[in-house]
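First up is the structure itself, then whatever we jot down about it.
Taken together, the values in this text are just the output of simple stated rules run on the coordinates, not laboratory data. Quick caveat, the model's predicted, so the values are computed rather than measured. All Cβ positions, even for glycine, are placed from backbone atoms using ideal geometry, and neighbour counts span all protein chains on display.
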Amino acid sequence: MDIIKTNTRKSVLSGTWYPKDKIDLRQNILNRFCDETTKKYSHSKIKALIVPHAGYNFSGDVAAKTYCCLKNHYFKKAIILAPSHNKHFKGASISSKKYYKTPLGKIKISTNKRNELLKNELFKSYDIAHKFEHSIEIQIPFLQTINPNIEILPILIGGDNTSESINEMAKIIEQVDDHETIFIISSDFTHYGIDFGYIPFYENLQENIARLDNNAIEIIKEKDSDEFNDYISLTQATICGKDAITILLKILKKSKYTANLIDYDISLNKTIDPNNSVSYVGMVFSDLKESDKNKLPSYYESLNHISRDHKDFAINLVRENLIHYLNHKKPIKVDQNIIPGSLKNKKACFITYKINNSLKGCIGSIIPKYELYEEIINNSINAAFYDPRFEKLTESDLNHILVEISVLTEPIKLNYNDEMDLLNQINQNDGLMIKSNLSQSTFLPQVWEQIPTKELFLDELALKAGLNKNAWKTNNVELYKYQVETFSQKLFE
């Protein structure tokens, strides 16, 4: 009988992602448990786990060690927040079934909590999304081993959500939380390689992937959902459960619980595939505080991330600079002592001006010559008054101008064998630059919104440089890619 037509969501992973035999599955999990972790958290209060969701041969050790934190703790219910990999939808889906079934038996779905959530239009029962989804089922044998009588609330987060809908779902889910409930956040971390369309670096893969993951972990420890999403936007980090993590961070923001790393691994350590990797992170939110140990260098910091306060400073710098230039015909001078540290890094940037969504100026640099605050001062004037495509901005324009600041990472030269290889190395998170002798041009990542196909994007990039549109297909050009951290605001709000 089709599993959609029964009251039980049957296993689709047993025999492949984990053992099919009941005894083998239970023993597989028990063999991975860690007594040291259990002892460490036996007297603490625990509220949530972040656990990976790959097959047990890949992420089983990290997941098991993390679930050990729950041994000797009693919970009646577990709210599982997981990403939907197979179906795209807005909001969240809760299975309409009464049970999930694995080789270890049935586990009951909390109908009371489900019914409460379904009162809101952001929540629905979209069973086809659950039918072959692995991110929830992979967690259930661990929960059954820890507490066979626990009830679950399996929630798939759709991929078409906005920040507003995520925020609203967090508020609604928080209403069904209580002291007998734990959150299980199902998420893998960095998905690196051609298979995932994410190649932010080409060398020192294990070190750079670890740095990228480590910074996400450090932000999660701060329970700052806005900073976490800024990080995702900046690095385009491929953390599949980012929305589920965001919901948790919003719920626990003002709580007493702190986040600690339990274990970490990457699939590069478990496979012969040298070109693709998935990261596995185990974290616990408890009242046990730990000091940082063996903190890795931060890939995020290497991108010189700009905090929200520093972004506000940069926007204010543009505003004051334009007013000063209109009055005195020269750029503003800034007291060195008040410049934030992130704006003193030598970084390139572009300044873009828009009025009612119409471009009014855009000028910048790809290779930095000065510290970032100086680049902002110079480019904000050039974009306002010396972009030959547009009339100079006037004082009255300032009341309507939206300024966008794009801070660039260092361009990386692309080495490729053929056109297909090149196309596989770029995506819509990348800014691109083309060079041929004295000809050069660039498109910021924002241009993908107007030119969404890779071939046409490269055609237009070549034409912008004064080259034949097919120049990118030859060996006579050099191509570079970079990422940007972009923030915008009206000059006067």
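Points worth noting:
- Ellipticity at 222 nm from helices only: DSSP H runs of n ≥ 4 in the chain, each -39500 (n - 2.57), divided by the residue count, give -9500 deg cm²/dmol.
- Taking the DSSP beta bridges with both ends in the chain, the antiparallel portion is around 70 percent.
- Placing unit charges on the Cβ atoms of the charged side chains and taking the dipole of the chain about its Cα centre, the candidate lying farthest along the positive direction among Ile209, Asn161, Thr394 is Asn161.
- Value of relative contact order over the stretch 1-96, rounded to a whole percent, pairs C-alpha under 8 Å and six or more apart: 27 percent
- Among the listed pairs Lys90/Lys254; Lys354/Lys473; Lys108/Lys270; Lys329/Lys354, those with a Cα-Cα distance over 25 Å are Lys90/Lys254; Lys354/Lys473; Lys108/Lys270.
- In this structure, the pairs whose alpha-carbon distance is over 32 Å, taken from Lys65/Lys413; Lys71/Lys253; Lys65/Lys481, are Lys65/Lys413; Lys65/Lys481.
- Taking Cβ atoms as reference points and 10 Å as the exclusive limit, the residues near Pro154 contribute a net charge of +1, counting Lys and Arg as +1 and Asp and Glu as -1.
- Above-threshold pairs, the threshold being 26 Å between Cα atoms, out of Lys221/Lys369; Lys344/Lys490; Lys347/Lys464: Lys221/Lys369
- For the pair Glu121 and Gln236 in one chain, pulling the backbone fully straight at 0.36 nm per residue adds 38.5 nm over the alpha carbon distance.
- A straight chain from Glu207 to Asn427 at 0.36 nm per residue would run longer than the Cα-Cα distance by 76.9 nm.
- Spin-label model distance (nm) - Glu164 vs Asn470, 7 Å beyond Cα toward Cβ: 4.7 nm
- The stretch between Ser358 and Leu30, if pulled fully straight at 0.36 nm per residue, gains 112.0 nm over its current Cα-Cα span.
- Short-range pairs are left out: with C-alpha atoms under 8 Å and at least six residues apart, the relative contact order of the chain is 14 percent.
- FRET efficiency estimate (nearest 0.05) - Cβ-Cβ, His88 to Lys330, R0 51 angstrom: 0.45
- The simple spin-label model puts a point 7 Å past each Cα toward its Cβ; for Ile128 and Lys346 those points are separated by 5.6 nm.
- Dipole check for the chain: with +1 at the C-beta of Lys and Arg, -1 at the C-beta of Asp and Glu, and the Cα centre as origin, the magnitude is about 1460 Debye.
- Cα→Cβ-extended label distance, 7 Å offset, between Ser396 and Lys45, nm: 6.1 nm
- For the stretch 142-150, the Karplus equation 6.51 cos²θ - 1.76 cosθ + 1.60, evaluated at θ = phi - 60°, returns couplings of 5, 5, 5, 6, 6, 8, x, 9, 5 Hz by residue, with Gly and Pro reported as x.
- Karplus 3J(HN,Hα) series, Hz, for the stretch 400-412 with 6.51 cos²θ - 1.76 cosθ + 1.60 (x for Gly, Pro): 10, 6, 9, 9, 10, 10, 10, 9, 9, 7, 5, x, 10
- Reported to the nearest whole Å, the Cα centre-to-centre distance from the stretch 147-191 to the stretch 318-393 is 42.
- Magnitude of the charge dipole, the stretch 308-408, Cβ model with Lys/Arg +1 and Asp/Glu -1, debye to 20: 200 debye
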